[in-house]
Amino acid sequence: MTDPLLAPPDRRPGLARWAAPAGYALAALALFALAPALLSDFRLGQLSRYLCFAIVAVGIALAWGRGGMLTLGQGLFFGLGGYAMAMHLKLADAGAGQLPDFMLLYGSTDELPWWWEPFRSPIVTLVAIPLLPMAVAALIGYAVFRRRVRGAYFAILSQALAAAFAILLIGSQATTGGTNGLTNFQGFFGFSLYDPVNRRMVYFIIAGTLLALLLLTRQLFRSRYGELLVAVRDSEERVRFLGYDPALVKLVAYTASAGMAGIAGALFVPAVGIISPALVGIVPSIQFVIGAAIGGRASLAGAALGAIAVAWAQTTLSEEFPAAWTYFQAGLFIVVVAFLPGGLASLGRLLPRRRRPPTGERTTDDATERAVLTA
């Protein structure tokens, strides 16, 4: 039977058609009114970090939940966006014609590397933040999907790329800050980050970006492309026999998820004040996936809320149980995967539902074939 939340608006039963608008309204109220009013500046800054992780989870929901691609290397794209933003902020702090402070400290170069120079421009930086990760993802995806690499092999390959990126950053201390990364940012496009008002502005930018990407991705879910992506996930060979290119369909989703991760990484930099190899390697990439899996990778709201909940639990448990919080996190992941494979968002499916009239029923195969033929 077709999920009523994914059916066209005129065919969704009862009040279900108003569930999404009501959810967005409540999310906007919570993010823009309740959180700033109830949380201290410190806790609001932490929430900014959690929302960045939620943006990454939205991309994972598209690529993994909708497209069946287990992306264990989102740290690569998160880092590309983060370092692009950090490079611009360091150059802006240094001033025209000057080197960033860490380059002067290490004293290993007297000239700015050529690949740093374009990031002096705020316009180039804003364009590069989503497009650079998307370009890298397009190159990787084209090479991988054309060779029909999928499943565990794709997951391992994506994780290896994130690890390689972190190793490259560590080995380039003179130009990337090495293990310490880039930190100590003073301004954000002309606004001082030491001013609490401006830090709240950064929070509002992150919250607005999350809601916008949720809305755009939901529209993509409900489009003909979204149905075709599901068809590729469920029966790739069948889609190929019907004349469509599954590699191209998956490439679009993978590239879009990379762009979201890049945006999240860029917003993470002014919110937290640092970007380093420890934030872009294997461990953070796995944590991104854990948040989406616990919340529900097939649900946009579930993936976003799961990422926020896991990040919040990590902070809270590490404060209360510094030596044991990782075991709590692992236990939560095991319990959810074992008993709720669809994540916490699937709890509603356990409740009894009133059966719809037979005239509105369609089998899964019929729905998939219709999605392919109408795409």
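The values are calculated or read from the model by the stated rules, or taken from the named source; none is laboratory data. Note that the coordinates shown come from a computational prediction; the quantities given were computed from them, not determined experimentally. Note that each Cβ is placed from the backbone with ideal geometry, even for glycine, and that neighbours are counted across all protein chains shown. Protein only, heavy atoms only, side chains kept; ligands, DNA and RNA dropped before computing areas. Shrake-Rupley method; radii C 1.70, N 1.55, O 1.52, S 1.80 Å.
Quick check: anything in the range 43-60 open to solvent by 10 Å² or more (accessible area, probe 1.4 Å) and at positive phi? Among the residues of the range 43-60, not one is open to solvent by 10 Å² or more (accessible area, probe 1.4 Å) and at positive phi, which makes the answer no.
Scanning the range 326-337 for residues that are open to solvent by 40 Å² or more (accessible area, probe 1.4 Å) and in contact (Cβ under 8 Å) with a residue 12 or more places away in the chain returns F328, L332, F333, V337.
A quick yes/no check of all residues on (1) closer than 17 Å to A304 by Cβ; (2) in contact (Cβ under 8 Å) with a residue 24 or more places away in the chain; (3) open to solvent by 30 Å² or more (accessible area, probe 1.4 Å):
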{"site": "F191", "(1), (2), (3)": "no, no, yes"}
{"site": "L215", "(1), (2), (3)": "yes, yes, yes"}
{"site": "R224", "(1), (2), (3)": "no, yes, yes"}
{"site": "L228", "(1), (2), (3)": "no, yes, no"}
{"site": "R233", "(1), (2), (3)": "no, yes, yes"}
{"site": "M260", "(1), (2), (3)": "yes, yes, no"}
{"site": "L267", "(1), (2), (3)": "yes, yes, no"}
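The residues in the range 199-213 that are out of contact with any Ser or Thr (no Cβ under 6 Å at 6 or more places or on another chain) and either outside any helix (DSSP H, G or I) or open to solvent by less than 60 Å² (accessible area, probe 1.4 Å) (or both) can be counted, and the count is 9. Please verify whether the range 60-71 includes one or more residues that are in a helix (DSSP H, G or I), touching a residue at least 60 places away in the same chain (Cβ under 8 Å) and under 23 Å from N198 (Cβ atoms). No; the residues of the range 60-71 include none that is in a helix (DSSP H, G or I), touching a residue at least 60 places away in the same chain (Cβ under 8 Å) and under 23 Å from N198 (Cβ atoms).
On the stretch given as the range 135-161, residues that are modelled with pLDDT of 95 or more and open to solvent by 60 Å² or more (accessible area, probe 1.4 Å) total 1. When G81 is tested against (1) surrounded by fewer than 24 Cβ atoms within 10 Å (Cβ to Cβ); (2) at pLDDT 95 or above, only condition (1) is not met. Only one entry in Y203, Y153, Y142 is under 23 Å from L267 (Cβ atoms) and not acidic (D, E), namely Y203. Name the residues in the range 102-130 that are surrounded by 15 or more Cβ atoms within 10 Å (Cβ to Cβ) and touching a residue at least 40 places away in the same chain (Cβ under 8 Å), would you? Once the filter is applied, which keeps residues that are surrounded by 15 or more Cβ atoms within 10 Å (Cβ to Cβ) and touching a residue at least 40 places away in the same chain (Cβ under 8 Å), the range 102-130 yields F102, M103, W116, T125, A128, I129, P130.
Of the candidates G291, G273, G295, G243, the single residue that is out of contact with any Cys (no Cβ under 9 Å at 6 or more places or on another chain) and open to solvent by 30 Å² or more (accessible area, probe 1.4 Å) is G243. The set of residues in the range 157-209 that are touching a Phe, Trp or Tyr at 6+ places or on another chain (Cβ under 8 Å) and among the polar types (S, T, N, Q) comprises Q173, T175, T176, N180, Q186, N198. On the stretch given as the range 298-325, residues that are among the small types (G, A, S), crowded, with 16+ Cβ neighbours inside 10 Å and in a helix (DSSP H, G or I) total 9.
Candidates in the range 9-66 are the residues that are of a type in the set (K, R) and modelled with pLDDT under 95; of these, the one that is farthest from A266 (Cα to Cα) is R11. Checked across the range 57-71, the condition of being within 15 Å of L300 (Cα to Cα), within 21 Å of the chain's Cα centre (by Cα) and basic (K, R) holds for at least one residue.
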